[in-house]
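*Asks:* Mind having a look at this structure? Questions to follow.
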Amino acid sequence: MSKLNRDTICVEDAEVLEQRAYADDQFVLRLRAPGCAARAIAGSFVHIRCSEEVPMRRPLSIMRARPNEGWIEVLYKVIGHGLQRLTEARPGDRISMLGPIGNGFSVAEDRTTALLIGGGVGIPPLVFLAEQLATTNAAVDQVAILGSEIPFPFELVDSELALDGSPPSATASLACLERIGTPSRLATNAGYSGCYAGFVTDLSREWLQSLPEEKLATIQVYSCGPGPMLYAVEKLAAEFGLPTQLCLEEYMACAVGGCAGCAVEIQTPGGPAMKRVCVDGPVFAGSSVYPALA
């Protein structure tokens, strides 16, 4: 059962379809939530009740949405009691959920190359964006550079999609992106086979440095990950004069704009202002998040 709140956010009693476990307490949860699936966009998220005994909901980015089949997927890493309880969910269980929430990524009409940079649990919105672009904006070229310091919770393959300018040592890619024709390369400091040894920004810099000016002029950066990574991405983008859209990760209580607990300072045309990550974001122009780097 689902009903709309504010004409866009569905309140749904979602059914658990599948829960897959990966190394280091990482899980992919598939939920039957037709209302949310029909309205989800890359960058939006859901607010999930992890258990009847845990009243505070948890925000989780949407990684996939299949409107025709009525389901969504989220990826999460267990941190704290609430998400630990969520691991107990089994097919057929019902989970109270609000979503989709927030403003997602928008495609820049004058930029025909999308550079997707993600880290850790910030990877899911970029998987969603890659699939969305492949379906609705096939004319946009895509490159995904993704990083993790724990095992990637995805099927990995040696890429058969060429990415000129990337180091020969970087061969591993996400199978889900490979299947839709999006070349991806992986970075880590954990020594995983086929991955670039370093940060996503290091690998991104090597690729960007290999490009001619006319190619650089076509690039729009989309990124999600922890705060220090987003700062490094914005700094890197500023070096090359690239516009960015950053999907922020913040703790939040209500997730619908009422408590303002997730507010961050954003530069606006009228000066700095406090904006709520949940409903004003979570995606913002990078230049408004880190104006000193612009």
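*Asks:* Please state the shape class of the range 161-208: rounded when a/c is under 1.5, otherwise prolate if a/b exceeds b/c and oblate if not, all from the C-alpha gyration tensor.
*Replies:* In terms of gyration-tensor shape, oblate.
*Asks:* Which Cα, out of 262, 154, 173, lies furthest along the positive dipole direction of the chain (beta carbon charges, K/R +1, D/E -1)?
*Replies:* In the chain, that residue is 262.
*Asks:* Just add up the charged neighbours of residue 135: K/R +1, D/E -1, any other residue whose Cβ is under 12 Å from the Cβ of residue 135.
*Replies:* Around residue 135, the surrounding residues sum to +1.
*Asks:* If you place +1 on the Cβ of every Lys and Arg, -1 on the Cβ of every Asp and Glu, and leave all else neutral, what size is the dipole of the range 213-294 about its Cα centre, to the nearest 20 Debye?
*Replies:* The dipole magnitude comes to about 160 debye.
*Asks:* Normalising by the residue count of the range 2-101, find the relative contact order in percent from Cα pairs under 8 Å and 6+ residues apart.
*Replies:* RCO, the range 2-101: 38 percent.
*Asks:* Summing Lys, Arg as +1 and Asp, Glu as -1, what charge do residues with Cβ under 15 Å from the Cβ of residue 199 carry, residue 199 excluded?
*Replies:* -2
*Asks:* With +1 on each Lys and Arg Cβ and -1 on each Asp and Glu Cβ, and nothing else charged, work out how big the dipole of the range 113-249 is about its Cα centre, in Debye to the nearest 20.
*Replies:* 140
*Asks:* What is the Cα radius of gyration of the chain over 2.2 N^0.38 Å, N being its residue count?
*Replies:* Normalised Cα radius of gyration, the chain: 0.97.
*Asks:* What does the charge dipole of the range 2-101 about its Cα centre add up to, to the nearest 20 debye, if the Cβ of each Lys and Arg holds +1 and the Cβ of each Asp and Glu holds -1?
*Replies:* Once rounded to the nearest 20, the dipole reads 220 debye.
*Asks:* Tell me the angle of helix 200-209 to the major Cα principal axis of the chain, expressed in degrees between 0 and 90 and rounded to the nearest ten.
*Replies:* With both axes taken from Cα atoms, the answer is about 40 degrees.
*Asks:* How much of the DSSP beta bridge set in the chain is antiparallel, as a percent to the nearest 5?
*Replies:* 65
*Asks:* For the range 66-129 and the range 239-294, what is the separation of their Cα centres, given in Å?
*Replies:* A separation of 19 Å, based on Cα centres.
*Asks:* Rank 240, 45, 105 by mean-square fluctuation in a GNM of the chain with C-alpha springs under 10 angstrom and give only the top-ranked residue.
*Replies:* Of the options given, 240 has the highest mean-square fluctuation.
*Asks:* Name the shape class, rounded, prolate or oblate, that the alpha-carbon gyration tensor gives for the range 63-217, where a ≥ b ≥ c are the square roots of its eigenvalues, rounded holds for a/c under 1.5, and otherwise prolate holds if a/b is larger than b/c and oblate otherwise.
*Replies:* It is oblate, given that a/c is not under 1.5 and a/b is not larger than b/c.
*Asks:* Taking the chain as a Gaussian network, where each spring joins two C-alpha atoms under 10 Å apart, which residue of 27, 154, 284 fluctuates the most?
*Replies:* 154
*Asks:* Of the residues 40, 255, 134, which exhibits the maximal mean-square fluctuation in a Gaussian network model of the chain defined by a 10 Å Cα contact cut-off?
*Replies:* 134
*Asks:* Between 75, 100, 248, whose Cα lies farthest towards the positive end of the dipole of the chain when Lys and Arg beta carbons carry +1 and Asp and Glu beta carbons carry -1, centred on the Cα centre?
*Replies:* Sorting the options by dipole projection puts first 100.
*Asks:* I need to check one value: relative contact order of the range 113-249, counting alpha carbon pairs closer than 8 Å and at least 6 residues apart, in percent.
*Replies:* 28
*Asks:* Neighbour counts of other C-beta atoms within 10 Å: give me 179, 185 arranged from fewest to most.
*Replies:* 179, 185
*Asks:* Arrange 22, 251, 196 by Cβ neighbour counts within 10 Å, fewest through most, would you?
*Replies:* Least to most surrounded, the residues fall as 251, 22, 196.
*Asks:* Find which of 121, 182, 132 sits farthest along the positive direction of the dipole of the range 83-189, computed with +1 on the beta-carbon of Lys and Arg, -1 on that of Asp and Glu, about the Cα centre.
*Replies:* So the residue we want is 121.
*Asks:* Can you work out the FRET efficiency for the pair residue 21 and residue 160, with r the C-beta to C-beta distance and R0 = 30 Å, to the nearest 0.05?
*Replies:* 0.60
*Asks:* Now for a separate question. If we count other beta carbons within 10 Å of each Cβ, what is the order of 268, 112, fewest first?
*Replies:* 268, 112
*Asks:* Could you give the length gained by full extension between residue 96 and residue 216, i.e. 0.36 nm per residue of separation minus their alpha carbon distance, to one decimal place?
*Replies:* 38.8 nm
Just so you know, all these numbers are worked out from the coordinates, no wet-lab data involved. Predicted, not measured: the structure shown is a model, and the values here were computed from it. Neighbour counts are summed over all protein chains in view; Cβ atoms, including those assigned to glycine, are modelled from backbone coordinates with ideal geometry.
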